[in-house]
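The values are calculated or read from the model by the stated rules, or taken from the named source; none is laboratory data. The model shown is predicted, which means the values in this text are computed figures rather than measured ones. Glycine gets a Cβ as well: all are built from the backbone with ideal geometry, and neighbour counts include every protein chain shown.
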Amino acid sequence: MKKKGLSLLLYTIYVKIIYILYDHCGHVIYTEKRIENMDSLQELWTLFLSSLLEKNLVSADSYRLWLESLELKELTATEAKIYVPQAFKINILKELYTELIETHFSAMLGFPVKVFFYHDDMQALPILELIPNQSFEKQSVIATDVLLGQGYTFENFIVGTTNRLAHSACLAVANRTAQGYNPLLIYGDSGLGKTHLLFAITNHIHKNTPDSKILYVKGEDFTNELVNILTQKKPMQYFRDKYRSVDVLLIDDIQFIAGKSATQEEFFHTFNALYDDNKQIILTSDRPPKEMKTLEDRLLTRFEGGLIVDIQPPDLELRIAILKKKAEQLGIDVPNDVLFFLADRIKSNIRTIEGAIKRLNAYSFLGNGVIDMNLAKQSIADLLERPVSTMTKVEQIFDVVSQKYNISVEDIKSAKQIKEITFARQVAMLLLRRVTELSLDEIGKLNGKHHSTVMYAIG
């Protein structure tokens, strides 16, 4: 279908979903309406699934096995109900494809939707949240480890060189043997185990000292709750009593409060109240405090007054250990060569690594049950990290050198003999020789130089 036709189709569906009404005050009111025009829905759905293939977001085998038979039955302003002809596929679809479909289908529609899978007379159910949806006042208050899930413990947290310090610090805090680790701030990229450690602390303390008052909250929820109280003009005392009367406060993704003056103001006083009363504060972030550009200095100094530890992406040994542990939990036998292949090719984060084993298990279950290298490559083709092309490496090297020495790429590649430019050019040629497999002659052509000049530059 041509782009114009697609735009018209999306516009038509969007108009059918959202009705904008004006009341006597001139306010805009949005009301939902279901769309059940199956021709339009299936046309839209077919376009969407085709786009996943075209963008290489799923492999052809994954598409045929999991997505091709799905049918979009209903679409509202917030929900997409998808019929699954084969009931056994539902759990795998929920676990492996919900995020992919929600992200890209929402982008295609132009507004966010949640995905619901169902089969025949079964009620369409959403993916379960970690913490049940509750009234706003009750949300985020953790009374028992059931709400957080018993699965997040220190015992099943796989320890390696890249996360050992964070694990040790969290265990010490949970055992109340580290008075100096207050606050404890753990930072690192998404999917490396920060939230697992927070839940492990919570469950450990609750198990050993059930009377302890523990509060886990996300940085975004802390902000939203404060905004809710301020806009609805509720008494601030409730908010303050809630957060300042606990024994342990855990805030996930504290970077979310940076740049929000009212939130930082309230958190500053909450922090002081807990700290002065010798209560434990544990925080996580996706970056070190110094890189939170809009974080107030008074909070920065308090964060730096405790212990700050980082979690790095897992190294090869840790990735293999995680894969083995996950395979053991799933009750499947994965050959060592397959484990090494997966660990060597999937390096981004723990979630992706665990997802690889889940996919391998699903393909094995639906196939002949034999797990070998061919099945591994087939099942996770769209997860494998693709090798960086030589030209991409070349561009990256020129960009890095340009930024490092504040000299344009054009000048580095030019024939200019200014001292600073010549030095940057030599650095670029040295990196090109060491990082890429380009010959001296090829490197020379990139810089407009003879290979003998390259040899002199990197000699």
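Filtering segment 109-131 to residues that are modelled with pLDDT under 80, out of contact with any Lys or Arg (no Cβ under 6 Å at 6 or more places or on another chain) and of a type in the set (A, V, I, L, M, F, W, C) leaves LEU109, PHE111, MET122, LEU125, LEU128, LEU130, ILE131. Note on segment 159-244: enclosed helices (runs of 4 or more DSSP H) holding 1 or more residues that are closer than 26 Å to ASN278 by Cβ and aromatic (Phe, Trp, Tyr) are 194-208, 219-231, 236-244. Residues in segment 180-198 that are closer than 18 Å to ILE322 by Cβ and out of contact with any Cys (no Cβ under 9 Å at 6 or more places or on another chain): GLY188, ASP189, SER190, GLY191, LEU192, GLY193, LYS194, THR195, HIS196. Applying the condition of being surrounded by fewer than 19 Cβ atoms within 10 Å (Cβ to Cβ) and in contact with a helix residue (DSSP H, G or I) (Cβ under 9 Å, 6 or more places away or on another chain) to segment 230-243 and asking which residue is farthest from HIS269 (Cα to Cα) yields LYS234. Just to be sure, is THR284 without any contact (Cβ under 8 Å) to a residue 60 or more places away in the chain and polar (S, T, N, Q)? Answer is no for this residue. In this structure, ALA262 does not qualify as surrounded by fewer than 19 Cβ atoms within 10 Å (Cβ to Cβ), of a type in the set (A, V, I, L, M) and at pLDDT 90 or above. Entry remark, segment 41-93: residues being surrounded by 18 or more Cβ atoms within 10 Å (Cβ to Cβ), touching a strand residue (DSSP E or B) at 6+ places or on another chain (Cβ under 8 Å) and within 25 Å of GLU354 (Cβ to Cβ) number 4 in total. Scanning segment 52-96 for residues that are within 25 Å of ARG351 (Cα to Cα), of a type in the set (Ser, Thr, Tyr) and not in a loop (DSSP other than H, G, I, E, B) yields SER62, TYR63. Beta carbons closer than 9 Å, at least 6 apart along the sequence or on distinct chains, pair a first residue in segment 87-106 that is at negative phi with a second that is among the acidic types (Asp, Glu) and loosely packed, with under 15 Cβ neighbours inside 10 Å for ALA87/ASP120.
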